[in-house]
Amino acid sequence: MFPGLTNPVAAGRPGTLRAIEAALKTDRLVFAVSQRDTSDEPNPDILYSMGVVARIGQIQRGLGGVQLLLQGEQRATALQYGTTEGYMTAVVVTTEEMGPLDDHDPAFEALHKETRERAAELGERRGLPEEVVHQVLDQVTEPGKFTDLVAGYIDIPVPEKQGLLETLSVEERLRKVLVHVQRQIGLLEAQEEIKSQVQEELGERQREMFLREQMKAIQKELGEEDQAKEIGELREKLAKLVLPKEARAEVERELGRLERAGRESMEAQVIRTYLEWMAELPWNNRSDDQLDLKHAIEVLDDDHYGLGDVKDRVLEFLAVRQLRAKQLADELGRTGELPVTKLRTDREPSAGDGSDATITDTKEAKSRAMAKGPILLFVGPPGVGKTSIAKSIARSLGREYVRVALGGARDEADIRGHRRTYVGAMPGRIVQGMKQAGTRNPVFLLDEVDKLGTSYQGDPSSALLEVLDPAQNDSFTDHYLGVPFDLSEVLFIATANFIQNIPGPLLDRMEVVDFAGYTEREKREIAKKYLIPRQLEEAGLSDKPVSFTDEAVASIVTRYTRESGVRQLEQRIGAVARKVARRLATGDAASPSNATGELSIDDVRELLGRPKVHPEHAAEQNEVGTATAMYYTPAGGDIMFVEAAMRRLGAAPSQDERVQVSGMGNVSLILTGQLGDVMKESARAALTYAATHAQRLRISEDKLGPIEVHIHVPAGAIPKDGPSAGVTMATALVSAMSGRLVRRDVAMTGEITLRGRVLPIGGVKEKVLGAHRAGITTIILPKDNEADLEDIPDDVRSQLTFHCVETLDQVFAIALVPGAPGSADGGISEGGLRVAAKGA
């Protein structure tokens, strides 16, 4: 303290508090003196001898001590220190300062004025307003008090301040204060000069970095994570990965760029996102393959009912790879290492791809062996289990399962990713799926590959060529990553509904596995074993006595669904379960109707309403001019009727309606039912054949004049096309022209030629299943489709009679009732090639 100044003091020591209390009881005077060493408790040995006699002003008491204002009054020198009642006392004598010999000496006045001006300058440089500085300094006119005022506010160490206090000569004290003030001013000037030079040297970029450094310090004080720590953790995470040489070089380059970039810059965000993607990809993580084929059989049988052919193909696929994996694992166990080139027999090793490396891990050997071979393509209508059986394959192998839906994808970047130059760039779906799997050998399902689109942004199906080519996918390069990523250990499986929509080069890289529709018996079994328990559990009825009778399940299958799969069937069962749950929740005991808790046909009718599906059934009697055809759609197979009628015209038909047919004169042919061009051509071919062979087909002469022939296919709102209805149109046309009945229990399919040959068609299994469902017992097929009978389930084949024919004459001999026109009696002609019920 200096005389004339008021200082706030916080006191908390017990001795100091006692001294304050003693002073308050008397004249409120204390002796304020500094310590030479502030780390020890005060004692006479560490106290200076000269201090200031101060008066206690305001005082505020608190839990930790007192806050008080001390007003310095006069210099004093302690003659003796002592202790009384726990606090220190001192015997002091006041010390008078020594004024100048002549107050008006020019040198003294100049010193005083210079000190006053420099003190004002120092105050202003420290940021104090000019008015405040001059107001404070102008209140003190005496040189001694002025030096004490300035000495109290300059920032110098305590020993130097004590030296100013002990300097009694006013003139000498003025000189010392001026030196200290000038030194403070010089320090501030140097700081300002340095700051100015730095600001001039720093450009906009450096200034931004400077501000960011300040922001980092602020964020650190706020407890936010430091960038250096983040980069260090990211570097440590990347260092643990076993990366290819190209990937390692790219990672190190990007890490260096990240360290040089500002934390909040856009470039740093892009680099950090890229490195995080690189760190999270499964460069060297594998799942251990399960090589137990019996386990695979159990998993497939538990998850799916039926699909015997599909299961056999999948098990063959797995068996070959498991045997290969065991062979390599055994060889690895004997030799301790395995050259990578031994696993790459399908191509020549390329430089820099690691072909000269060796494998020492059994898990890696099994994984690489499992990935060899063709890629499976599951083709079939919706809801037949294509996606779910891929998941079962993953479960049987113990691999991770990833599904990528490609339906509607029109951008090549969906497969290959975006380049990092674009804002918001990200990897393609292949790399995203690998990150999701967390292993480099998952089962990767490419769902709906037949629904890929094409736009100005590229062709995704072309980008898939590299992914699905075993000779190339070990170095798949995503545009975002920019480095090769090995996909050779991934087990790719694709699904599609329409194989004709898949480009040829892409289809060539996959092995097709056909999924046909389920029979009604298979649907009933699937419903009882899988769908009903699952829907009852989802409806909260698993602990309730609710079940379905066999008749109720069959009713849902036939009357409320029309599909090849079981997706609609599960929806209808779910609807029944929800309605039952609602009735039970509201206390309505009216359903189910019987005491055992079984839902009957009547319950299903009440809950689902009227039947939504009205499938075709075999005709009730033989008719003239009506033949039964079989057709196939993605929803399954069914039958349809082809109707033909003719009438004699009084006049020749118009030019637009007239069709010149050799041997028949003028004929008007009318085709209705939204028939496509191919079906119309089949009808014309049938009419030409009937006219050409009229005598042999027992068509009378009076029906060869000007006539109108009308062929109609019901369900006129539905477009129809295809060549397989040719034999049916020919049969209906010949029946109408000859008056012979067509057998009601016969359904047929096949393409025809003008010479009467019957050509093969597709979808035999689905068509036969639809005909069997409609009550047909006799099937006519082209001879070349005889081998397709092996695809038909045994229980269906045993209930049907098949005739494989080569000509239309054989078709007519089977489908038309022999005897006089219009006669319903007669047996089956032996003109056709008959196949036994269990025919090959």
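The values are calculated or read from the model by the stated rules, or taken from the named source; none is laboratory data. Being a predicted model, the structure only gives us computed values, none of them experimental. Neighbour counts run over all protein chains shown; Cβ positions are idealised from the backbone, glycine included. For accessibility, only protein heavy atoms count, side chains too; no ligands or nucleic acids. Shrake-Rupley method; radii C 1.70, N 1.55, O 1.52, S 1.80 Å.
Is the range 437-459 home to any residue that is open to solvent by less than 10 Å² (accessible area, probe 1.4 Å) and of a type in the set (G, A, S)?
No.
What are the residue pairs meeting all of these: first residue in the range 142-155, first residue under 19 Å from E109 (Cα atoms), second residue among the aliphatic types (A, V, I, L, M) and open to solvent by less than 20 Å² (accessible area, probe 1.4 Å), Cβ atoms under 6 Å, and 6 or more apart or on different chains?
Between residues of the range 142-155 that are under 19 Å from E109 (Cα atoms) and residues that are among the aliphatic types (A, V, I, L, M) and open to solvent by less than 20 Å² (accessible area, probe 1.4 Å), the close pairs are P143/V170; G144/V170; T147/L174; T147/V177; V150/A119; V150/V177; A151/L164; A151/V177.
Looking at E681, is it at pLDDT 85 or above and open to solvent by 50 Å² or more (accessible area, probe 1.4 Å)?
yes
Going through the range 802-811 one residue at a time, which ones are farther than 20 Å from D788 by Cβ and open to solvent by less than 10 Å² (accessible area, probe 1.4 Å)?
L808
Restricting the search to the range 756-788, which residues are free of Cβ contacts under 8 Å to residues at least 60 places away in the same chain, more than 22 Å from A813 (Cα to Cα) and open to solvent by less than 10 Å² (accessible area, probe 1.4 Å)?
None - no residue of the range 756-788 is free of Cβ contacts under 8 Å to residues at least 60 places away in the same chain, more than 22 Å from A813 (Cα to Cα) and open to solvent by less than 10 Å² (accessible area, probe 1.4 Å), so the list stays empty.
Among E511, E489, E522, E563, which is the only one that is out of contact with any helix residue (DSSP H, G or I) (no Cβ under 9 Å at 6 or more places or on another chain), closer than 29 Å to S396 by Cα, in contact (Cβ under 8 Å) with a residue 40 or more places away in the chain and not aromatic (F, W, Y)?
Just a single option satisfies the conditions, and that option is E522.
Test of understanding: among L406, L397, which residue is in contact (Cβ under 8 Å) with a residue 24 or more places away in the chain, open to solvent by less than 10 Å² (accessible area, probe 1.4 Å), farther than 17 Å from F476 by Cβ and not β-branched (V, I, T)?
Just a single option satisfies the conditions, and that option is L397.
Going through G433, G517 one at a time, which residue ends up being in contact (Cβ under 8 Å) with a residue 12 or more places away in the chain, in a loop (DSSP other than H, G, I, E, B) and open to solvent by less than 30 Å² (accessible area, probe 1.4 Å)?
Testing whether each residue is in contact (Cβ under 8 Å) with a residue 12 or more places away in the chain, in a loop (DSSP other than H, G, I, E, B) and open to solvent by less than 30 Å² (accessible area, probe 1.4 Å) leaves just G517.
For the range 101-127, give me each residue that is in contact with a helix residue (DSSP H, G or I) (Cβ under 9 Å, 6 or more places away or on another chain) and either closer than 22 Å to G72 by Cβ or loosely packed, with under 10 Cβ neighbours inside 10 Å (or both).
Scanning the range 101-127 gives L101, H112, T115, R116, A119, L122, G123.
In contact with a Phe, Trp or Tyr (Cβ under 9 Å, 6 or more places away or on another chain) and either at pLDDT 95 or above or under 28 Å from K523 (Cα atoms) (or both) - does that describe any residue in the range 739-750?
yes
Scan the range 541-560 for residues that are in contact (Cβ under 8 Å) with a residue 40 or more places away in the chain, open to solvent by 10 Å² or more (accessible area, probe 1.4 Å) and closer than 15 Å to G597 by Cβ and jot them down.
Scanning the range 541-560 gives K544, P545, V546, S547, F548, T549.
In the range 22-56, which residue that is open to solvent by 70 Å² or more (accessible area, probe 1.4 Å) and among the charged types (D, E, K, R) is modelled with the highest pLDDT?
Filtering first and then ranking leaves R55.
Any residue in the range 709-734 that's assigned to a loop (DSSP other than H, G, I, E, B): show its pairings with residues that are of a type in the set (K, R) and surrounded by fewer than 24 Cβ atoms within 10 Å (Cβ to Cβ) at Cβ separation under 7 Å, as long as the two are six or more apart or on different chains.
Final answer for the pair search is V713/K720.
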